[in-house]
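Student: The following block contains the structure, expressed as structure tokens.
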Amino acid sequence: MKKITLLLLFIVQLSFSQNYVEYQTGSSKDVKTNHKAGVCLMGGRTEQSDAMKWFLNQTDGGDVVVLRASGSDGYNDYFYSDLGVTINSVTTFVINNVAGATDSYVLEKIADAEAIWFAGGDQYDYVRFFKDNEMETALNDFINSKKGVIGGTSAGMAILGSSYFSAENGTVTSAVAQGNPYHPRVTLGHDDFLKIPFMEDVITDTHYDERDQNGRHTVFLARFVKDNNKRGFGIAANEYTAICVGEDGKAYVYGEHPKYDEYAYFLQVNCTTNYAPETISAGNVLDWNRGGEAVKVYKVPGTESGVNYFDLNNWETGSGGVWQNWSVSNGIFARVSGTNPQCGTLAIEDNVGFVAKVYPNPFWESIQIEALEKITAINLYDINGKLIPVVLDKNNTISTASLSSGIYYLKLKSALKTQTLKVVKQ
């Protein structure tokens, strides 16, 4: 009996001393494929199979790595064989600490993968294990250099915006957040972790209608405005709903509507001159009304065909959804029917004549300008109105290699005319 007890104690100690646990299904040999970029956001319960098939198809038969901080191999057979999509392998890593996240073998598997999936759990485990180390670098290289597809559910979705709710001090309810936007549980990160195309200045949220998360998500956006002095955006999904964003920037929504209330939500701070919360401070209730239109939201039902979508290139066009206005007055959340804010239209009202055309659009490393008149001034702004320094060279070309993917406005002036053009970097 004593020997058995010692053996069990040894096994327990060994399990706690492991930096990670690996589960591997399929081929152990790496393959190179014509994979595609993208991001898949899952709302937090059983995975939506049509969206998961989209996710796997982006790999073109490649290798999938599942990252998690708890659980075991639940995704291996599901991804490898249950969905009927042929892929080379699935490798799950259950990461127990920073040492596991930064292990050279784990990082090599990340680099070789065509898809990375973050399981649910506690998102703060991902933040404290993956952020500010070699894993963060490997993930961002995978996303932006290799251009693989990435996705996650619940806690895994929570970390995929450039801003995020870290849950460092545990979760927070809408009521608590609305009552004090600077409550110790409202822990947010901004632009310091993952950098995913079309997810700039976006905060995600999950288990949405099921847990009444709408109010706290609005508080997250209010905090974003206050802390960063610019407009913010949000993407949310109900528990059985998934959102798949391809290289074209269109976010297609999957679910089983109308059989079930499965919706995705696309939030944006209204593009008015005065958009900041009226009252937001530590210890006080949030007041963010702005005429009942503080936040503009496009609500999209998810279908098995994924036909409904919202365009993240401009945050104003979509199909199959309806617009709503959200606000918080004296700590009380409200939502009513709304209208398209048409921020892009508002941004180009100063046109008084044709000056030039630009190409390609969407662009990648540079923008070429074909001018019909002498250009006297040129300015480039991001979607939040921030001026981006640019230089027009002798070939009428602007280098854009340093820009992140997203929407920009190029303002050109001649002696008598002005033109503002909306351009998109892929």
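The values are calculated or read from the model by the stated rules, or taken from the named source; none is laboratory data. Not measured: the values here are computed from a predicted model. Backbone-built Cβ (ideal geometry, glycine too); neighbour counts: all protein chains shown.
Student: Can you find a residue that is surrounded by fewer than 24 Cβ atoms within 10 Å (Cβ to Cβ), modelled with pLDDT of 95 or more, of a type in the set (A, V, I, L, M, F, W, C) and within 20 Å of V202 (Cα to Cα) anywhere in the range 120-129? It would help to see each step written out before you state the result.
Tutor: Our first condition is that a residue be surrounded by fewer than 24 Cβ atoms within 10 Å (Cβ to Cβ); within the range 120-129, this holds for 120-122, 124-125, 127-129.
After this cut, where a residue has to be modelled with pLDDT of 95 or more as well, the list is 120-122, 124-125, 127-129.
Adding the requirement that they be of a type in the set (A, V, I, L, M, F, W, C) leaves 127, 129.
Add one more test, that the residue is within 20 Å of V202 (Cα to Cα), and what stays is 127.
Checking the range 120-129: at least one residue is surrounded by fewer than 24 Cβ atoms within 10 Å (Cβ to Cβ), modelled with pLDDT of 95 or more, of a type in the set (A, V, I, L, M, F, W, C) and within 20 Å of V202 (Cα to Cα).
Student: Being under 23 Å from the mean Cα position of the chain (by Cα), outside any helix (DSSP H, G or I) and within 18 Å of F142 (Cβ to Cβ) is the filter here, so list the residues in the range 36-61 that pass it.
Tutor: Residues of the range 36-61 that are under 23 Å from the mean Cα position of the chain (by Cα), as a first pass: 36-60.
Adding the requirement that they be outside any helix (DSSP H, G or I) leaves 36-48, 58-60.
Correct list: K36, A37, G38, V39, C40, L41, Q58, T59, D60.
Student: Collect the residues in the range 174-206 that are under 16 Å from the mean Cα position of the chain (by Cα), of a type outside the set (K, R) and surrounded by fewer than 20 Cβ atoms within 10 Å (Cβ to Cβ), keeping them in residue-number order.
Tutor: Step one: of the range 174-206, the residues under 16 Å from the mean Cα position of the chain (by Cα) are 188-206.
With the extra rule that they be of a type outside the set (K, R), the set shrinks to 188-194, 196-206.
Result: L188, G189, H190, D191, D192.
Student: Given (1) at pLDDT 95 or above; (2) out of contact with any Asp or Glu (no Cβ under 7 Å at 6 or more places or on another chain); (3) part of a loop (DSSP other than H, G, I, E, B); (4) not basic (K, R), where does G306 come up short, assuming only one miss?
Tutor: (2)
Student: If you don't mind, another one. Being out of contact with any Lys or Arg (no Cβ under 6 Å at 6 or more places or on another chain), over 21 Å from R335 (Cα atoms) and either among the basic types (K, R) or modelled with pLDDT of 95 or more (or both), is that true of even one residue in the range 264-276?
Tutor: Checking the range 264-276: not a single residue is out of contact with any Lys or Arg (no Cβ under 6 Å at 6 or more places or on another chain), over 21 Å from R335 (Cα atoms) and either among the basic types (K, R) or modelled with pLDDT of 95 or more (or both).
Student: Continuing with the same structure: Out of all the residues in the range 163-173, is one or more over 30 Å from A334 (Cα atoms) and either surrounded by 20 or more Cβ atoms within 10 Å (Cβ to Cβ) or out of contact with any strand residue (DSSP E or B) (no Cβ under 9 Å at 6 or more places or on another chain) (or both)?
Tutor: Kept after step one, since they are over 30 Å from A334 (Cα atoms), are these residues of the range 163-173: none.
No - not one qualifying residue is present in the range 163-173.
Student: Does the range 58-106 hold any residues that are more than 25 Å from E134 (Cα to Cα) and among the aliphatic types (A, V, I, L, M), and which are they?
Tutor: Once the filter is applied, which keeps residues that are more than 25 Å from E134 (Cα to Cα) and among the aliphatic types (A, V, I, L, M), the range 58-106 yields L83, V85, I87.
Student: Quick check, is V297 within 25 Å of H183 (Cβ to Cβ), surrounded by fewer than 24 Cβ atoms within 10 Å (Cβ to Cβ), hydrophobic (A, V, I, L, M, F, W, C) and within 19 Å of the chain's Cα centre (by Cα)?
Tutor: yes
Student: Here's a follow-up. Look at R45 and say whether it is in the same structural domain as F198 (by TED's automatic domain parsing) and crowded, with 24+ Cβ neighbours inside 10 Å. Walk me through it before giving the result.
Tutor: On the way: in the same structural domain as F198 (by TED's automatic domain parsing): yes; crowded, with 24+ Cβ neighbours inside 10 Å: no.
For R45, the condition - in the same structural domain as F198 (by TED's automatic domain parsing) and crowded, with 24+ Cβ neighbours inside 10 Å - is not met.
Student: A further question on this structure: Quick check on my filter: what residues within the range 249-290 are in a loop (DSSP other than H, G, I, E, B) and free of Cβ contacts under 8 Å to residues at least 12 places away in the same chain? It would help to see each step written out before you state the result.
Tutor: Of the range 249-290, the ones in a loop (DSSP other than H, G, I, E, B) are 249, 255-262, 270-278, 280-286, 289-290.
K259, T273, listed by residue number.
Student: Given the residues V106, V90, which is the only one that is surrounded by 18 or more Cβ atoms within 10 Å (Cβ to Cβ) and more than 18 Å from L56 (Cβ to Cβ)? Give the steps one after another, and end with the answer.
Tutor: Values: V90 fails: more than 18 Å from L56 (Cβ to Cβ).
That would be V106, the only listed residue that is surrounded by 18 or more Cβ atoms within 10 Å (Cβ to Cβ) and more than 18 Å from L56 (Cβ to Cβ).
Student: If a residue has to be aliphatic (A, V, I, L, M) and over 30 Å from V245 (Cα atoms) to count, how many in the range 266-282 make the cut?
Tutor: Here the count works out to 2.
Student: Counting only residues that are acidic (D, E) and in contact with a strand residue (DSSP E or B) (Cβ under 7 Å, 6 or more places away or on another chain), which one in the range 181-208 is nearest to G156 (Cα to Cα)?
Tutor: From the range 181-208, those acidic (D, E) are 191-192, 200-201, 205; that's our starting set.
Those left that are additionally in contact with a strand residue (DSSP E or B) (Cβ under 7 Å, 6 or more places away or on another chain): 191, 200-201, 205.
Values: D191: 17, E200: 17, D201: 18, D205: 10 Å.
Residue satisfying both the conditions and the ranking: D205.
Student: Please enumerate the residues belonging to the range 73-128 that are more than 26 Å from C244 (Cβ to Cβ), of a type outside the set (V, I, T) and assigned to a loop (DSSP other than H, G, I, E, B).
Tutor: N96, N97, D103
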